[in-house]
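One structure below.
Here, each number is a calculation from the coordinates, and none is a lab measurement. Nothing here was measured: the structure is a model prediction, and the numbers come from that model. Here the Cβ positions follow ideal geometry from the backbone for every residue, glycine too, while neighbour counts run over all protein chains shown.
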Amino acid sequence: MNTEVLARIQFAFTVSFHYIYPPLSIGLGLVLVVMEGMYLRTRKKIYEDMTRFWIKIFALIFGIGVATGIVMEFEFGTNWATYSKYVGDIFGSALAAEGIFAFALESGFLGVLLFGWRRVSPPVHFFSTVMVWLGSMFSAVWIVVANSWQQTPAGYHIVGEGLHARAEITDFWAMVFNPSSVDRLLHVWVGAFLAGAFLVLSVNAWYILKKRHLEIALPSFKIALTIAAFASITQLFLGHRSATGVAQNQPAKLAALEGHYDSLEVADLYLLGWVDQNKRTTSGLKIPGGLTFMVHQDFKTPIPGLNSFPRNDQPKQINAIFQFYHIMISIGMALIFLSWLAMWLWWRGKLFEQRWLMQIFVWAVALPQIANQTGWFSAEMGRQPWVVYGLLRTSEAFSRTVTANQVLFSLILFTIVYLVLLILFLYLLTKKIHHGPELHTEESAAEIQSKRQLPRL
């Protein structure tokens, strides 16, 4: 493989591994805010105990996320020097804003969140919890803004020519609120809420199956389920809005996402299928004219297909983009069904009697993660062959002085280090889950369980 392909693989690998953790931080942060808010409102110690337990897991996720995120900044300078020079003014501003407004806020209050119990008042500790959560949210803002600018550039002008060309900001707020940033940010936030909520659902479903820590597992499950149910249905509308934005701003990407080739025909909406790139056709289960209706609200208006764009301006891996995109959508629909099925059973008072459903929730923790990853894959691969849409090609952006062997060697090292970090993370997470929450109530766990009618599983 050549240097460009290896550099792309390396960056995709490091970003994908890192992206396991920030969505969990954002989603779990929201869960912590709700749990501790319930404690302040009710003064029931059980809510404090569940908050204490999940703060420990939040700290673990936060630590691994920070460690894995540092590598990418170095990759910009080593493997993608031309890109870094071209977008330095834009990307540098966004990363600086993340450090000033987001990371400083998140890390500054993290100490109070972790060690402030009994050292500050409950309202002050709750304020710290909110600030840490908002810090993680703001961090996502600036990363998504920088990435969205690459998708839909705005608020800039080009200085210099050829290898010396670079983009400079002319309007900071136009750069921030570029045509895709708001839609993509909302989509990312809600995807993170789902990741955090389903982590809490998974752990508490396991406790319920094992009949352990039920005094905390049952109310924790209900809190996370409420967040998951409303986030999943919200994501449906945000996903549609984001896709509509792609249709307006990146028509070649939309055509790749849906495997749409013929510009003279209305576009079908595929539920599942397969793209034959040699024959330039797509087959599968579809809604005739469905994509046209979603974009134009009619069944007659054609949508630009891949055949209307020059071959060198089209993504190469159309079928992979198609599959990733439809995996994301399928998981999104599954999360809606699973969450609202559980809400319906809760309303009927039969939620915790369904052992099979608890078993599904234990393993469903992987679904939001897969959806988040495949969503990013489809978005980034669909932008190709551009690293900055319509301005800078990926083939022109990588470092010319770095050899393929150097990139391959570093990729192997990163793989080993990240594998060790993953094993460490899973070991510590499993250890904390098996240990379970500690009760700080006036009554012991045994006394509470003796007074509570346990669900029949």
Listed pairs 45/210; 44/350; 210/350; 279/316; 45/222 exceeding 21 Å between Cα atoms: 45/210; 44/350
Helix 181-210 vs. the chain, principal-axis angle (Cα, 0 to 90°, nearest 10): 40
Compactness index (Cα Rg / 2.2 N^0.38 Å), the chain: 1.05
Backbone HN-Hα couplings from phi across segment 216-232 [Karplus 6.51/-1.76/1.60, Hz, Gly and Pro as x]: 9, 4, 5, x, 5, 4, 5, 4, 5, 5, 4, 5, 4, 5, 6, 5, 5
Relative exposure of 240, 213, 296, 326, judged by other C-beta atoms within 10 Å (fewest first): 240, 296, 326, 213
Among 418, 231, 391 the positive-end extreme of the charge dipole of the chain (Cβ point charges): 231
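Using a Förster radius of 45 Å, what is the FRET efficiency between residue 426 and residue 395 based on their Cβ-Cβ separation? Nearest 0.05, please. Let's see the in-between values first.
Values: r = 38 Å, r/R0 = 0.83.
The formula returns an efficiency of 0.75 here.
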Pair residue 415, residue 265: separation of 7 Å Cα→Cβ label points (nm): 4.1
Long-range amide H partners of residue 269 with built H, under 5 Å: 287, 289, 290, 291
Under Karplus coefficients 6.51, -1.76 and 1.60, residue-wise ³J(HN,Hα) of segment 142-157 in Hz, glycine/proline x: 6, 5, 5, 4, 4, 5, 5, 4, 5, 7, 9, x, 7, x, 9, 9
From phi via Karplus (6.51, -1.76, 1.60), per-residue ³J(HN,Hα) for segment 429-436 in Hz, x at Gly/Pro: 5, 4, 4, 5, 5, 5, 5, x
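Ranked highest first by the average count of other Cβ atoms within 10 Å around their residues, in what order do 404-414, 57-67 fall? Before the final figure, lay out the partial values.
Working: 404-414: 15.4, 57-67: 19.0.
Order by mean packing, descending: 57-67, 404-414.
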For 424, 391, order by how many other beta-carbon atoms lie within 10 Å, fewest first: 424, 391
Equivalent ellipsoid semi-axes - Cα gyration tensor, segment 194-308, angstrom: 42, 15, 11
Order of 166, 43, 280, 8 under a 10 Å beta carbon neighbour criterion, fewest first: 43, 280, 166, 8
